[in-house]
1. Can you find even one residue in the range 2-24 that is at pLDDT 85 or above, surrounded by 10 or more Cβ atoms within 10 Å (Cβ to Cβ), on the phi < 0 side of the Ramachandran plot and not in a helix (DSSP H, G or I)?
2. Spot the failing condition for residue 43; the list is (1) surrounded by 11 or more Cβ atoms within 10 Å (Cβ to Cβ); (2) at pLDDT below 90, and only one is missed.
3. Exactly one condition in (1) modelled with pLDDT of 80 or more; (2) in a helix (DSSP H, G or I) is false for residue 36; which is it?
4. Would you confirm, using the coordinates I've provided, whether residue 68 is surrounded by 10 or more Cβ atoms within 10 Å (Cβ to Cβ) and at pLDDT 75 or above?
5. I'd like the full set of residues that are surrounded by 10 or more Cβ atoms within 10 Å (Cβ to Cβ) and in contact with a strand residue (DSSP E or B) (Cβ under 7 Å, 6 or more places away or on another chain), limited to the range 25-40.
């Protein structure tokens, strides 16, 4: 299958408009709640990708607050099976009376 020049140009234009949005996306930097601040002046403890370091957060809440969402605990539904005292067998099967 051959693509025309117009189709190739349309595909290229689509990719060039989507790329800046992906490149410009910044990682989420959360404030780390620490009892003591050993960071230089103007910086505070932060977490980024699981590592704790000094910097300026770009999120208003901590990572622990972001992950602590309310979760409902549901009881598992127990299925009840009704068994009869008599086996349901087709006529002619061995082991059935």
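1. As a first pass, look at the range 2-24 and keep what is at pLDDT 85 or above: none.
No - not one qualifying residue is present in the range 2-24.
2. For residue 43, the failing item is (2).
3. (2)
4. yes
5. 29, 30, 31, 32, 33, 34, 37, 39
The values are calculated or read from the model by the stated rules, or taken from the named source; none is laboratory data. Because the structure is a prediction, the values reported are computed rather than measured. Cβ coordinates were reconstructed from backbone atoms using ideal geometry, including for glycine residues, and neighbour counts include every protein chain displayed.
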